[in-house]
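The values are calculated or read from the model by the stated rules, or taken from the named source; none is laboratory data. Quick caveat, the model's predicted, so the values are computed rather than measured. Quick reminder, even Gly has a Cβ in these numbers, built from the backbone with ideal geometry, and neighbours come from all protein chains shown. All accessible areas refer to the heavy atoms of the entire protein, side chains included, with ligands and DNA or RNA removed. Shrake-Rupley method; radii C 1.70, N 1.55, O 1.52, S 1.80 Å.
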Amino acid sequence: MGVLRSFWLAFVMYLGVTLIFNESVDFCAWLLVAVIGAGFRQEMRLKFKMPTGTLIFFQDMFLYCCCACCAITQEARQVEEAAKLGHPAVV
């Protein structure tokens, strides 16, 4: 996996964005995290040959808006399981 697609980079970006922005721009930071997270999730969907599209992007964005930590955990578990099974997307 490339540097931009690694779980830890995404996690650090998430923490950085949520910690750097102050309360006056919380909504913008929250929305930015959701868009970045949904973008990473779309890349993962492409690698695993899962359905993609505009509607699914907005569903993923909504997931990140509701619980970004849950979405990151789900993605990490999927990648770890795929690595154990030798899936071509992570090998």
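Given a 1.4 angstrom probe, what's the average accessible area per residue across the chain, in square angstrom?
I get 68 Å² per residue for the chain.
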Original post:
Arranged from highest to lowest average of other beta-carbon atoms within 10 Å per residue, in what order do the peptides 48-57, 74-83, 33-42 appear?
Top reply: 33-42, 74-83, 48-57
Subject >> Fully extended contour minus Cα-Cα distance, from Trp30 to Cys67, at 0.36 nm per residue >> reply: 12.2 nm
Original post:
Where Lys and Arg each count +1 and Asp and Glu each count -1, what net charge lies around Tyr64 among other residues with Cβ under 11 Å from its Cβ?
Top reply: -1
**OP:** Please give, to one decimal in nm, the separation of the simple spin-label points placed at Lys47 and Trp8, each 7 Å out from Cα toward the Cβ.
**Re:** 1.5
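Roughly what % of Cα-Cα distances in the chain sit above 22 Å, to the whole percent?
Details: 1086 of 4095 pairs.
Beyond 22 Å sits 27 percent of the P(r) for the chain.
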